[in-house]
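Heads up: the structure comes next, in structure tokens.
The values are calculated or read from the model by the stated rules, or taken from the named source; none is laboratory data. Just so you know, these numbers come straight off a predicted model, no measurement behind them. Cβ coordinates were reconstructed from backbone atoms using ideal geometry, including for glycine residues, and neighbour counts include every protein chain displayed. Only protein heavy atoms, including side chains, enter the accessible area calculation; ligands, DNA and RNA are left aside. Shrake-Rupley method; radii C 1.70, N 1.55, O 1.52, S 1.80 Å.
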Amino acid sequence: MTSARDEILARVRTALGPNPAPVTVLREYRRSSTMDNVIELFEDRLRDYGATVVHVTPDGVAAAVAEQVRGRVRVAPGLPWLESGPDGPHVGGVAVEVDDGGPAAELDAVDTAVTGAAAACAVTGTIVLDGSPDQGRRALTLVPDRHVCVVHSGQIVGAVPELLARLNPRAPLTFVSGPSATADIELQRVKGVHGPRQLVVIIVADTTGQ
Amino acid sequence: MTFLGMPTAPRGVGRLRGDAPFPVAARAALTDTQLRRNIGHATETIRARRAALVAEMPDWEQLRRAGEAIKADTLARLPEVLVQLEEQVTAAGGTVHWARDAIEANAIVTSLVQATGADEVVKIKSMVTQEIGLNEALAAAGITAHETDLAELIVQLGHDRPSHIVVPAIHRNRTEIRDIFRRAMPGVRPDLTDDPPQLAEAARTYLRRKFLSARVAVSGANFAVAETGTVVIVESEGNGRMCLTLPEVLITVMGIEKVIPTFADLEVFLQLLPRSATGERMNPYTSMWTGVTAGDGPREFHLVLLDNGRTATLADPDGRAALHCIRCGACLNVCPVYERVGGHAYGSVYPGPIGAVITPQLTGVADNPDLPFASTLCGACFDACPVRIDIPSMLVHLRARAVASKGASLERGVFGAIAWTLRSPRRFSAAIRLARLGRLLGRRRDRISRLPWPLSRWTVARDAPRPPRQSLREWWRSRPTKPGAGE
Ligand code: SF4
């Protein structure tokens, strides 16, 4: 008996006929942008989605994180601003838990998750997480209701093609454009269904990001 | 019924065939004024938002052309692209299954769920699993499927049917949704209001426990990248992320036409899709995964590649571009017929203009002979389509195929449908306005300005697509006189 695989592939070949005409893909759309106001635009888009935006210099990150977190806080294991003290780990003086990959149900009791980001895009107000140690596993930024995300200015590109060019396709990628939302009720964008309902983006003005 | 000997989607399973022919179901829908008001209000909102966000993009036309070309290129090389996808998914720790049709796909998914011992699954909104009737197949095996998309939840709790491919509960307003939740959502607060944030909160609370306890998730796919084996889901609420991340086993069902060659191709579709679908610069969440990742997400990943009439669609050179569809719903939102009758009348999970061309091809036109007539050929769908599918020309082509397959028995239905569309002067002029607007936006080739009677009454004020080989009158005259001839 022919396998489904072989049969489907044979059907496709028959359907296409002996010599399917090759198709040329013209990429005449913009693949790079020449914006000088990338950070401004990124902030504008984020605010449009209902996110909170904070600007800091590199030495102000820990304090900004400390100010933006609420309740029980869990951070990605490789968060650069994590410090250890006699009373356990903290960021900018606020006690935090370090995500250890335990059962996701534990995250339901966490109020705030803190991570870095892999890259960001201004035109669409998008942050991408790729599971690197400073961003942690996907569940960390999903289950808690508040996500505080630190983005370096050098990580922000103008347009979508530039964003994708910066990513590792084989990493587990999550594109976040504002807080969780739905348009399912009368097509109005309503903030907050299953993902974090509060998104805080801390933009670090430096060039060490990437 | 086959096209070039290619099997179509089987009868008796899934949701591609309605209980009543389109003209009958449409007439019934026309009497429901609440339905019409809900849909009119919603599509008006989305049309305005989409138009504003498309206008923001100076390279929109270039993106559309690139999207069209990438899809055409993929189909032309489909065997090699599918095999590459299989290799890459397998190399990344996933398992690939092939399903000739709905029955086979349902059997594969059911046995995968049974192997885990689970008796329930959480689901991400997916057109393809509705197309194959997966929930019903799982139920028959004693497995409960929980829909987690807000609109799908509204439909499921209301024992209703989806009526739009992006916003399945578009036919419900907030008050009706509140009533459904109060009636059918376990543990819901009795004083729930119709305030949308409160309705969203109710869904959040209800589903959270399910997400945290579910062991198996089932999804569709928006795109799958052959080069890397990466699967992509575009969503808003985070229910998709929950399903893709928390359960131990993830089963994704996708039509074979969803594959794209390279990761860089996503730069086109991730710009076209959100603006066209929900009128947003970007949807809140897009997830991409490649096989399995240790310590992050499911331990097992299965990808089911489905035919179910797609190769039959591919076999028709004048119809295959329907497989380019990225399911954005824009053509539904601009369609005067859809706006008037809603999604249920089409009898298929794919309603509106795209439904009128994809459904008859998946099932064979003999099983859905009325659908190609469920249109005024006003051309608004082509102008809205982010991948430039020429739906009007395809409709004319499929009308010819329908007449060839059904013979004279279709005559009454055809004239019924035309007479029915002509009956509303207001709708008429709205369609004409849309078509005029369309002409301002883009120059058309392959158009003629007049169709012969009876469609001439439609074409006096605007262009209609040029029928591919014969004029409408010619194919009408040359249609076989014996039922069942042709095809
Ligand atoms: S046919 Fe075009 S406009 Fe309609 S749903 Fe598909 S991609 Fe969108």
Inset, instruction - Pick out the long, greasy-scoring helices in chain A: whole DSSP H runs spanning 30 Å or more along their own axis by Cα, mean Kyte-Doolittle at least 0.0. - result: none
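Once you have the alpha carbon radius of gyration of the range B:22-311, what is it after dividing by 2.2 N^0.38 Å, with N set to its residue count? Show your work: numbers first, answer last.
Values: Rg = 19.5 Å, N = 290, 2.2 N^0.38 = 19.0 Å.
For the range B:22-311, the normalised Cα radius of gyration is 1.03.
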Legend entry - Averaged over B:196-209, number of beta-carbon atoms from partner chains that fall within 10 Å: 4
Inset, instruction - Over chain A, give the accessible area per residue in Å² for a 1.4 Å probe, as an integer. - result: 40 Å²
Inset, instruction - On a C-alpha basis, how far is the centre of the range A:157-210 from the centre of the range B:7-53 in Å? Whole number, if you could? - result: 32 Å
Inset, instruction - Taking the Cβ of B:Glu87 as the centre, find all other residues whose Cβ is under 11 Å away and add up their charges (Lys, Arg: +1; Asp, Glu: -1). - result: -3
Legend entry - Inter-site label distance for B:Ala20 and B:Ser213 at 7 Å from Cα along Cβ, in nm: 4.1 nm
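Using a cut-off of 11 Å between beta-carbons, work out the net charge of the residues near B:Ile165 (Lys and Arg +1, Asp and Glu -1, B:Ile165 not included). Don't skip to the end; give the middle numbers.
Details: positive: B:Lys125, B:Arg327; negative: B:Glu131.
Result for the local shell: +1.
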Legend entry - Beta bridge orientation in the range B:181-259: antiparallel %, DSSP, nearest 5: 40 percent
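For the range B:190-338, what mean projected area does the convex hull of the alpha carbons give, in nm²?
11.9 nm²
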Legend entry - Environment charge at A:Ala113 (Cβ cut-off 15 Å; Lys +1, Arg +1, Asp -1, Glu -1): -1
Legend entry - Interface A:B - total buried accessible surface [probe 1.4 Å, Å², rounded to 100]: 7200 Å²
Legend entry - the range B:110-178: mean projected area of Cα convex hull, nm²: 4.7 nm²
Legend entry - Antiparallel DSSP beta bridges within the protein assembly as shown, as percent of all bridges there, nearest 5: 40 percent
Legend entry - Debye log10 I(q)/I(0) at q = 0.18 Å⁻¹ for the range A:1-123, Cα point scatterers: -1.06
Inset, instruction - Mind checking B:137-150 for the average number of partner chain beta-carbons within 10 Å of each residue's beta-carbon? - result: 1
Legend entry - Along each principal axis, Cα extent of the range A:33-204, largest first, Å: 48, 39, 32
Inset, instruction - Enter the Cα centre distance for the pair the range B:312-334 and the range B:96-165, rounded to the nearest angstrom. - result: 23 Å
Inset, instruction - In whole angstrom, note down how far apart the Cα centers of the range A:1-77 and the range B:369-402 are. - result: 32 Å
Inset, instruction - Evaluate peptide B:79-88: per residue, the Cβ atoms of other protein chains within 10 Å of its Cβ; return the mean as an integer. - result: 2
Inset, instruction - May I ask you to list the aspartates and glutamates whose Cα is less than 14 Å away from that of B:Lys123, ignoring any residue fewer than eight positions away on the same chain? - result: B:Glu136, B:Glu147, B:Asp149, B:Glu152, B:Glu235, B:Glu237, B:Glu248
Inset, instruction - Please identify, among A:Asn168, A:Asn37, A:Asn19, the residue showing maximal mean-square fluctuation in a Gaussian network model of chain A using a 10 angstrom Cα cutoff. - result: A:Asn19
Inset, instruction - Of the DSSP beta bridges with both residues in the range B:22-311, give the percent that are antiparallel, rounding to the nearest 5. - result: 30 percent
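For the range A:123-185, which whole-number percentage of the solvent-accessible area (1.4 Å probe, protein heavy atoms only) is attributable to carbon and sulfur atoms?
Details: 550 of 1130 Å².
Exposed carbon and sulfur together represent 49 percent of the surface.
Determine the equivalent ellipsoid of the protein assembly as shown by diagonalising the alpha-carbon gyration tensor, then write out the semi-axes as square roots of 5 times the eigenvalues, largest first, rounded to whole Å.
43, 26, 25
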Legend entry - Amide H contacts of B:His164 (H built 1.01 Å from N, under 5 Å, at least 5 apart or other chain): B:Ile170
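Given an 8 Å cut-off on Cα distances and at least 6 residues of separation, report the relative contact order of chain A as a percent. Could you put the intermediate results ahead of the total?
Values: 413 pairs, mean separation 52.6, N = 210.
Value for chain A: 25 percent.
What does the helix-only formula give at 222 nm for the protein assembly as shown: each DSSP H stretch with n ≥ 4 adding -39500 (n - 2.57), the total divided by the residues, and the result rounded to the nearest 500 deg cm²/dmol?
Values: 26 runs with 273 residues, N = 697.
Theoretical 222 nm ellipticity from helices: -11500 deg cm²/dmol.
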